[in-house]
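Have a look at the structure below, then the notes.
Computed from the coordinates by the stated procedures, all read-outs in this text should not be read as laboratory data. Everything quoted here is computed from the prediction, not taken from an experiment. No Cβ is skipped: glycine too gets one built from the backbone with ideal geometry, and neighbour counts run over all protein chains shown.
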Amino acid sequence: MELKTRRMLDRSFTTIGVFAIVLMAVSLVILLQPIVWRGAGAFIFRETVENRKLNLELLGRGSRAKVEIEITETEAARKPVYDMMAAFEAEMEEGGSAFRKQYGREYSELRDMLSELLGPLPGEKNPVLIRAQYGRTRWDRAQVKFHQIRYVEKYDYSDPDRMGVKIEKPRSALFESTSIEPLFGYLEENIEQMMLPKLTFYWRFLFDRSFDAHFFGGIWPEVLGTFYLALGAMLFAVPLGIVTAIYLAEYAGESRFVSLLRTCISSLAGVPSIVFGLFGLAFFINTMKISNGKSVLAGSLTLAFLVLPTVIRASEEAILAVPRTYKEAAMSLGAGKWHTIISVILPAALTGILTSIIISLGRAAGETAPIIFTAAVSVGRPLAIWQTLSQPSPALSWNIYNLATEHEAVDEIRHVQYGMVLTLVAMVLLLNLTAIIIRARISKKLRG
């Protein structure tokens, strides 16, 4: 090949490589930007006085004197609203059945929304659910509810060639010329005085357990459960995978059985993860009965089988990549085969083995399907280490899916979903970064 042609090819491959790197970086930014931006909303947001009241009464946090002063201020700002509601209710009593028929349903809807915004109204019994005992605790959700109070959503189907068009009409028009009509203008002017929003940094989101199905609190049980499952899977998969890799690389030789074994390992790597979940349920729980039902132990064993092919193949390739002269030099000095493997070959292949562990660890932390049937629950308390042998645990991957698809108030807790996603991504990156640093230090030590 001519020198000019070789240089042209080198430049072409360099350009393609740089373009691929830039494209990957842009893709990561596009993917991670909404996760970081919206996930940060779980930690940094504008809380209302209802959130400070909840923290004081439920968790004993905050200054009681300051919170009580704020509650007094907001009650004074809310009193005209309650007075207008009482006056309208009296007007309904005096107006007779026709008046109640005209305004009853609309007022009942308005009253429910005001209760969701401000908390229980005067004269109402204290609700059982925590979410109903307080108004909107986040200013962004309070603004959404306030918008629903101000406007009625309707759809215009007058054009048969188009889908229904959403139209927002002022709710005040429904109560025109009644004693409650001024309420809407008052709310618009005084909503901030009624809620007292303040910027807060909720770092305890990582370390609090959830209350009332993730309406309040944090995600500590999910974080801890994810750690248990990922590290437990590595505890089972790494020793078994490395021993298998040593056997295949140094002892097995070439035979039909070994060829079949390698084919099975490669096929196992391509099995859908949901199949591993069903296998874990059938084998570890129903057949082996390692626990009475779901447990972190069963989930860890299932995840271990899931990542085992990756550990075996990557470790085997790392062992085979060690120069043969290392083995010959050790054995020429009188070292036995097993001693040569332990003291020479494995240390030389350690960086490649750690790479397989890093890849497997990230996958185990982010898998959902294998733990659905074996380990995961939607809500639970943080587990002690000994409890992982017999009890299930929440996990970030499963709870992200569960909150996004099955929660009764998915829009109200959207910040929790994104906070879980951000935490899971950060956790996987942190675990991988830790493993990479350990691998780099070991490689430096081996090079002397």
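Helical content of the chain, expressed as a calculated mean residue ellipticity at 222 nm, amounts to -22000 deg cm²/dmol (DSSP H runs of 4 or more residues, -39,500 (n - 2.57) each, divided by residue number, nearest 500).
In the elastic network of the chain, a GNM with C-alpha springs shorter than 10 Å, the most mobile of 56, 23, 199 is 23.
Across the chain, Cα-Cα pairs more than 44 Å apart make up 37 percent of the total. log10 I(q)/I(0), Debye, Cα-only the stretch 237-332, no solvent, q = 0.10, 0.14, 0.21 Å⁻¹? Here the Debye-derived log intensity ratios amount to -0.36, -0.63, -1.05.
Taking θ as phi - 60° and the Karplus parameters 6.51, -1.76 and 1.60, the scalar couplings of the stretch 33-40 work out to 4, x, 5, 5, 5, 7, x, 5 Hz in sequence order, x denoting glycine and proline.
Projected area of the stretch 217-447, taken from the Cα convex hull and averaged over every viewing direction, in nm²?
Working: hull surface 58.6 nm².
For the stretch 217-447, the mean projected area of the Cα convex hull comes to 14.7 nm².
Centroid-to-centroid, using Cα positions, the stretch 357-384 and the stretch 112-143 are 35 Å apart. Checking the Cα-Cα distances for 337/444; 53/125; 145/198; 53/198; 66/125 against a 20 Å cut-off, the pairs over it are 337/444; 66/125. Here 351, 48 are placed in order of increasing Cβ neighbour count within 10 Å, fewest first, which gives 351, 48.
Here the spin labels are modelled as points 7 Å beyond Cα on the Cα-Cβ line, and at residue 278 and residue 243 they lie 3.0 nm apart. A Förster radius of 22 Å, combined with the Cβ-Cβ distance separating residue 381 from residue 231, puts the computed FRET efficiency at roughly 0.70.
Ranked by Cβ crowding within 10 angstrom, fewest neighbours first, how are 261, 396, 59 ordered? Please list the in-between numbers first.
Details: 261 16, 396 28, 59 13.
Fewest-to-most Cβ neighbours within 10 Å comes out as 59, 261, 396.
Report the convex hull volume per residue for the stretch 47-200, counting only C-alpha atoms, in Å³.
Values: hull volume 22.6 nm³, N = 154.
Enclosed volume per residue, from the Cα hull, is 147 Å³.
Pair-distance distribution of the stretch 74-162: all C-alpha pairs, bin width 10 Å, starting at 0; shares per bin in whole percent are 14, 38, 31, 13, 5, 0.
Can you give the extra length, in nm with one decimal, that the chain gains between residue 339 and residue 359 once fully stretched, where that is 0.36 nm per residue apart less the Cα-Cα distance?
On the way: separation 20, 0.36 × 20 = 7.20 nm, distance 2.83 nm.
Taking 0.36 nm per residue and subtracting the Cα distance, the gain is 4.4 nm.
Note on residue 57 and residue 97: the model spin-label points, each 7 Å out from Cα along the C-beta direction, lie 4.0 nm apart. Straight-line reach from residue 294: taking Cα to Cα under 25 Å and skipping same-chain neighbours fewer than 8 places apart, no lysines fall in range. Across the options 320, 285, 331, the greatest Cα extent toward the positive end of the charge dipole of the stretch 267-353 (unit charges at beta carbon of Lys, Arg, Asp, Glu) belongs to 285.
Just want to confirm a number: the relative contact order over the stretch 47-200, from Cα pairs under 8 angstrom separated by 6+ residues, in percent. Walk me through the intermediate numbers first.
Details: 151 pairs, mean separation 52.4, N = 154.
RCO, the stretch 47-200: 34 percent.
Please list, by residue number, everything in the stretch 337-367 whose backbone N is under 17 Å from a paramagnetic label point 7 Å out along Cα→Cβ of residue 268. Within reach of a label on residue 268, which here means backbone N under 17 Å from a point 7 Å along Cα→Cβ, the stretch 337-367 contributes 356-357, 360-361, 364. Measuring nothing but how far apart in sequence close Cα pairs (under 8 Å, 6+ apart) lie, relative to its length, the stretch 120-218 scores a relative contact order of 20 percent.
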